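What follows is a short report on a single structure.
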Amino acid sequence: VEIELNKCSPITDLNKQIIISLKCSYPVLTLEKSRRFNNGSLYLISQSIFLTKDQYVSMNDYGIIFCSDQWKNIKITFPFYRNILSMICTIISLACLLIFMITFCLIRSLHNLPGKCLLFLSISIFLGQLIFLSTSDLIQYSSLCFISAILIHYFYLSSFFWLLIIAIHIHSTFNHETVRRKTTKTDNYHLLNSNIFVWCSTGIIIFVACLIQFTNTQSSFSPNYGDLFCSISKSNAMIVFFLLPIGCLLSIIIILFLKTILAIHRSHTIAKLANSSTLSNNHFVFIYARLASLMGLQWSLLIFALIFRQNWLWIIFEIINSIPGVFICLGFLCSQRLWSPIKQRITTKLTTKQEPSNSNTATSSLISRQPR
């Protein structure tokens, strides 16, 4: 058995004696930051592992050897009510995303560039949440858990890249020069480029994470997909390969959002429309709300939860983070532009049905009046 310490180190006789005394199959030598307690116990901060004084041996002032056997197949558990709450919110989100995707296929007015980008964003979130919901308890099936962890990471991260694409398009929409040049052909060209950018950018990040896991498993930046649960299992890897890219993307999105708000206020045409009626005013308030919902501002709750470490903050974050499909439905399905053609279709069908009925009634009335 080799002990990992950034690189493979030879096992000395002293190390062998310690391993034998611990009856250990998976010994680990580490120099990680730890917190020592007066009773001799130790807490490894980066791996969130608590060791009693009998579960580790100090090699020097910093290095320790401990047996990782009991953590090899550990299953991280959360309070029952939080699991149920997260599951219910995720199911609601999946249902909303499914409703949006069906509606998108039925309503032609959504078949434009931002609508198609939103569809791809919805598909990414839908697949990520569906895989997460289906494989969250499959830690015992290591291969399946490993694959699902990569797919969950891939689809969730790609949804934020699609969020960036939508923010860029919304920003360009208020640039009149850009709008004049837009055609169906250029929209398809932009959509193709957007797909290449999103899927390749996400793939590069996932590839680097997998490369580190396969080449240096003991690295603190190795995601260790499927080790503790069917997702990224190390905090440093979570920060570098998930939270940091999301933070960079959201920073760009927020800048584009602010520039879009300024462009809207500076537009004389929109200013005239905004003053024309209360409905138009509400319409632009709705635009602001829709833009804000796309910014992923719910992730700011994660920062507060990490800082204040309050259980209720984590619950709020989990609820909001589990229902992105609801935000999409509220932001894009509850608009007059969408429901007007639907109402028109329903009215047309009802009118068509009523016309034969009225005709039959009139004919029956005339026949009844004929002398027998």
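For this structure, a couple of remarks:
Residues checked against (1) farther than 20 Å from Trp162 by Cα; (2) touching a Leu at 6+ places or on another chain (Cβ under 9 Å); (3) among the aliphatic types (A, V, I, L, M):
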{"position": "Met101", "(1), (2), (3)": "no, yes, yes"}
{"position": "Ile107", "(1), (2), (3)": "yes, yes, yes"}
{"position": "Gly115", "(1), (2), (3)": "no, no, no"}
{"position": "Phe120", "(1), (2), (3)": "no, yes, no"}
{"position": "Gln129", "(1), (2), (3)": "no, yes, no"}
{"position": "Leu133", "(1), (2), (3)": "yes, yes, yes"}
{"position": "Ser136", "(1), (2), (3)": "yes, no, no"}
{"position": "Ser142", "(1), (2), (3)": "yes, no, no"}
{"position": "Ser148", "(1), (2), (3)": "yes, yes, no"}
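- So Ser251, is it at pLDDT below 85, surrounded by fewer than 16 Cβ atoms within 10 Å (Cβ to Cβ), farther than 30 Å from Ser34 by Cβ and in the same structural domain as Ile166 (by TED's automatic domain parsing): no
- Any hit, region 176-191, residues being within 20 Å of Ile252 (Cβ to Cβ), of a type outside the set (A, V, I, L, M) and modelled with pLDDT under 80: yes
- Number of residues in region 205-238 that are closer than 25 Å to Leu133 by Cα, modelled with pLDDT of 85 or more, in contact with a helix residue (DSSP H, G or I) (Cβ under 9 Å, 6 or more places away or on another chain) and among the hydrophobic types (A, V, I, L, M, F, W, C): the value is 6.
- Any hit, region 230-240, residues being over 21 Å from Ser142 (Cα atoms) and not hydrophobic (A, V, I, L, M, F, W, C): yes
- Selection within region 331-356 - hydroxyl-bearing (Ser, Thr, Tyr), surrounded by fewer than 10 Cβ atoms within 10 Å (Cβ to Cβ) and either modelled with pLDDT under 70 or under 18 Å from Cys105 (Cα atoms) (or both): none
- Some residue of region 49-65 being within 30 Å of Val326 (Cβ to Cβ) and either modelled with pLDDT of 70 or more or among the hydrophobic types (A, V, I, L, M, F, W, C) (or both): no
- Flag set for Val28, criterion: surrounded by 11 or more Cβ atoms within 10 Å (Cβ to Cβ), at pLDDT below 70 and among the aliphatic types (A, V, I, L, M).
- Subset of region 101-136 that is of a type in the set (Ser, Thr, Tyr) and assigned to a helix (DSSP H, G or I) - its residue that is nearest to Thr173 (Cα to Cα): Ser109
- Within region 66-94, being loosely packed, with under 13 Cβ neighbours inside 10 Å and either at pLDDT below 80 or farther than 27 Å from Phe146 by Cβ (or both) holds for Gln70, Lys72, Asn73, Lys75, Ile76, Thr77, Phe78, Pro79, Phe80, Tyr81.
- Considering only residues in region 277-330 that are in contact with a Leu (Cβ under 7 Å, 6 or more places away or on another chain) and more than 27 Å from Leu127 (Cβ to Cβ), the one that is modelled with the highest pLDDT turns out to be Leu313.
The values are calculated or read from the model by the stated rules, or taken from the named source; none is laboratory data. Here the structure is a predicted model, which is why all the values come from computation and not from measurement. Heads up, the Cβs are rebuilt from the backbone with ideal geometry, glycines too, and the neighbour counts pull from every protein chain shown.
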